[in-house]
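The block underneath contains the structure these notes are about, expressed in C-alpha cells.
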Amino acid sequence: MGARTLFDEIVEQDCPEGSVGTATRFCSEQHGWGEPDLFGCTSFFYLWNWQSVGKSSERIDGTEHFVGC
C-alpha cells in the first residue's frame, strides 16, 4: 500500500490485483505500517467458482433444486 496517512490511522485501498473489495492497513506511531488486512478482499477465482456453482440447477445426486430468488 503506497498511501500516506497520519499516525494511528487506518488506510483503505482497493484489494490487490486479481481480487475485488477493500483492503485496510494500520499506521502506528510506534511500529509504522502493520500488515495489510485483506479480509474484505475476494479473489476473482473464488467469485467465478461461486457463481458457477450457484447457477447449477442439478444436485450431485441428480435431483433438481430451485436456484435464484
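The values are calculated or read from the model by the stated rules, or taken from the named source; none is laboratory data. In this text the structure is predicted, and so the values were computed from the model without any measurement. For neighbour counting, all protein chains shown are included, and Cβ atoms are generated from backbone atoms with ideal geometry for every residue, glycine included.
Residue by residue, here is whether (1) modelled with pLDDT of 90 or more; (2) over 20 Å from the mean Cα position of the chain (by Cα); (3) surrounded by 10 or more Cβ atoms within 10 Å (Cβ to Cβ) holds:
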residue	(1), (2), (3)
4	no, yes, no
12	yes, no, yes
19	yes, no, yes
46	no, no, yes
52	no, no, no
61	no, yes, no
64	no, yes, no
Kindly provide the set of residues from segment 13-41 that are of a type in the set (Val, Ile, Thr) and without any contact (Cβ under 8 Å) to a residue 24 or more places away in the chain, ordered by number.
22, 24
How many residues does segment 26-44 hold that are in contact with a Gly (Cβ under 9 Å, 6 or more places away or on another chain), assigned to a loop (DSSP other than H, G, I, E, B) and either at pLDDT below 75 or surrounded by 11 or more Cβ atoms within 10 Å (Cβ to Cβ) (or both)?
2
